[in-house]
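Heads up, the thing below is written out as structure tokens.
Bear in mind these aren't lab numbers, they're just calculated from the coordinates by the rules spelled out. Keep in mind the model is a prediction, meaning the values are calculated, not measured. Positions of Cβ are backbone-derived with ideal geometry, glycine not excepted, and every protein chain shown enters the neighbour counts.
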Amino acid sequence: MTQIRRLVIDVLKPHEPPTLEFAQQVSEADSVAGVNASVIELDREVQNVKFTIEGESVEYEAIEAIIENAGGSIHSVDQIACGEYIVEDAPTPQD
Amino acid sequence: MTQIRRLVIDVLKPHEPPTLEFAQQVSEADSVAGVNASVIELDREVQNVKFTIEGESVEYEAIEAIIENAGGSIHSVDQIACGEYIVEDAPTPQD
Amino acid sequence: MTQIRRLVIDVLKPHEPPTLEFAQQVSEADSVAGVNASVIELDREVQNVKFTIEGESVEYEAIEAIIENAGGSIHSVDQIACGEYIVEDAPTPQD
Amino acid sequence: MTQIRRLVIDVLKPHEPPTLEFAQQVSEADSVAGVNASVIELDREVQNVKFTIEGESVEYEAIEAIIENAGGSIHSVDQIACGEYIVEDAPTPQD
Amino acid sequence: MTQIRRLVIDVLKPHEPPTLEFAQQVSEADSVAGVNASVIELDREVQNVKFTIEGESVEYEAIEAIIENAGGSIHSVDQIACGEYIVEDAPTPQD
Amino acid sequence: MTQIRRLVIDVLKPHEPPTLEFAQQVSEADSVAGVNASVIELDREVQNVKFTIEGESVEYEAIEAIIENAGGSIHSVDQIACGEYIVEDAPTPQD
Amino acid sequence: MTQIRRLVIDVLKPHEPPTLEFAQQVSEADSVAGVNASVIELDREVQNVKFTIEGESVEYEAIEAIIENAGGSIHSVDQIACGEYIVEDAPTPQD
């Protein structure tokens, strides 16, 4: 399969472990070069965090395992960029 | 025919296979350098995914075949860039 | 006459041939380096497609002939950039 | 007098000659390197076209003569950039 | 005194001389490298023109004298950038 | 653990010490290359300041200790970028 | 203390001395490389001016002294960037 260069996922996570630790764990996955974790929303139980994950060949299953081991879950996969380089979402009149 | 450098299509796909796998399959087509799959909307049955596909010479039929084999369909072709390089949509007062 | 470096036109075309083929045909014109075809709107009969056409010396008549041969028509010419290089539309308080 | 590097004018022109030809004629003026003609509005009689004209030393009178010879008129001068290089309009809180 | 690298002023001027000539006169001041004159508004008597003036060491008094000699007046000084280089207005949450 | 390259936190701080001193103290932490402190809001008791902290390996605990020693508290962690380089938050249709 | 690379302050100043002179005085402070003074608002008594001050090591007290000597006052400190380079305020969903 072609390499995944960027994965944008919406993650639901408990307050513990903190998002910082959570992000570091995700970024420790072999195939990951870097992670951006931006907190979207939080209520008493959970946090809704948007992860932008980039690397030479991001492995979804490895990411999912890390997130679930830490008590979180992937709520949705919002964007995937795969192939030789990161292709950006081209703006069109339909957007 | 001149080469298609970028193809932006709106795809309807069932939940299975997941968008990630779907995007990788599309990016495996010979002529494709990279793919960006951005999820626009999803309901219980289907997902509406915007694909930005770039390459030296993107072959529409090959893409269409992959999408249909995976149970999806191309809902619309929203943008095509063909020729020697990717020409961007130039903003005009009519937009 | 000085060379036309970019031509932005609004095209009405029937559903057949598909926009993709239509764009490739336009981009085959001698003077054209690349084409961006962005679909603006479509109804049962026709599609309204915005073409951004760039090249060393884009020839309007050649483009018009290709479009009309394929059953389409140029609804309006929205922008022309001609001369030694592509001059962009400079933003002013009147916009 | 210092050189005019960019001139943005609002032009009223009849439907004939077409904007394309009109733009080429303007860009033929000695001092002009390139022209962007963006159609703002059109009604049955006239077209309102925004011209962004750039060059080493754009000559207003030459441009005006070309436009008037072609049946058009300069409705307003919206922006002038003159001197050693093109100075852009700096955004300020008053805009 | 440190050099003024950019001066943005709001100028009220009569219709004569035309803004173009007015801008050229301002750009002739010794210290001026370039001028952008963008017309903000005009009514029967006066024009309101925003001048962005850049140079190694723009001299306000020289600019003011030119503007007043040509029958105009500086309505307000909206932005000054002075020092070793042009510092841009940094966006902050208070804007 | 992978290095934290950027940390964006929302800090509540008393009026004393001033934000300037507060920012300098935070930027003195070993791992910090630079800090941007942008004041979001202030009322009679406290200031709400957004800190963007960048470095080779930003240490959250060190930052937290500095902030708390100075009488402030971290109200929320809004963004973390960790790994080999700073990954930016990729815009998606869900934003 | 680490160097302050950028300081954004909101200044209240009387009409005299003019903002231009005021900005030059601020930019004369040893540590200042450049200043952008953008007028936000003015009424009969005072002017509200946003200063963006950049340098290798901007000294707040020196700036404050100059402003107060000229009859003005620092109404608020809106942004500080300190450290090895200017860190920009990173956009987050909370903005």
Next on the checklist: On a 22 Å Cα-Cα criterion, which of the cross-link pairs C:13/D:13; F:13/F:50; C:13/D:50; A:50/F:13; D:13/E:13 come out too long?
Outcome noted: C:13/D:13; C:13/D:50; A:50/F:13; D:13/E:13
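Other chains' Cβ within 10 Å of C:4-10 residues: what's the mean? List each step's numbers first, then the result.
Working: counts 4, 4, 3, 3, 8, 1, 3.
That works out to 4 on average.
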Checklist entry - Tell me, what HN-Hα J-couplings in whole Hz come from the Karplus equation 6.51 cos²θ - 1.76 cosθ + 1.60 at θ = phi - 60° for each residue of the range A:24-34, using x for Gly and Pro? => result 5, 4, 4, 6, 7, 4, 2, 7, 9, 8, x
Next on the checklist: I need the phi-derived Karplus couplings for the range G:43-56: 6.51 cos²θ - 1.76 cosθ + 1.60, θ = phi - 60°, integer Hz, Gly and Pro marked x.
Outcome noted: 10, 5, 8, 10, 10, 10, 10, 8, 9, 10, 10, 10, x, 5
Checklist outcome for this item: Listed by chain and number, the residues whose amide H is under 5 Å from that of residue A:78, excluding neighbours fewer than 5 places away on the same chain and using placed H, are A:8, A:9, A:10
Item to check | the protein assembly as shown: Cα Rg divided by the 2.2 N^0.38 Å rule of thumb | outcome: 1.10
Item to check | Estimated [θ] at 222 nm from DSSP helical runs (n ≥ 4, -39500 (n - 2.57)) normalised by residues in the protein assembly as shown, nearest 500 | outcome: -6000 deg cm²/dmol
Next on the checklist: Pairs of alpha-carbon atoms within less than 8 angstrom and 6+ residues apart define the contacts here; what relative contact order does the range C:4-82 have, in percent?
Outcome noted: 50 percent
Next on the checklist: Can you compute the charge dipole magnitude of chain B about its Cα centre, using +1 on each Lys and Arg Cβ and -1 on each Asp and Glu Cβ, nothing else charged? Give it in debye, rounded to the nearest 20.
Outcome noted: 120 debye
Checklist entry - Mind listing which trypsin sites (Lys or Arg not before Pro) in chain D are in a DSSP loop and have 13 or fewer other Cβ atoms within 10 Å? => result D:44
Item to check | Whole-Hz couplings from phi, Karplus 6.51/-1.76/1.60, listed for the range C:75-83; x for Gly and Pro | outcome: 6, 7, 9, 9, 8, 10, 10, 9, x
Item to check | For residue B:87, distant residues with modelled amide H under 5 Å away | outcome: B:82, C:35
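On average, how many beta carbons from a partner chain sit within 10 Å of the beta carbon of a residue in C:21-32? Write down the numbers at each step before the final one.
Working: counts 3, 1, 10, 8, 3, 4, 11, 4, 1, 0, 0, 5.
Averaged over the peptide's residues, the number is 4.
I'm checking a number: the convex hull volume of the Cα atoms of the range G:4-82, normalised per residue, in Å³. What is it? Walk me through the numbers before you get to the answer.
On the way: hull volume 5.4 nm³, N = 79.
Output value, Cα hull per residue: 68 Å³.
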Next on the checklist: For a quick check: with amide H placed at 1.01 Å from N, whose amide H comes under 5 Å from residue G:3's, ignoring anything fewer than 5 positions away on the same chain?
Outcome noted: G:83
Next on the checklist: Per-residue Cβ counts within 10 Å, from other chains only, averaged over D:11-18: what number is that?
Outcome noted: 0
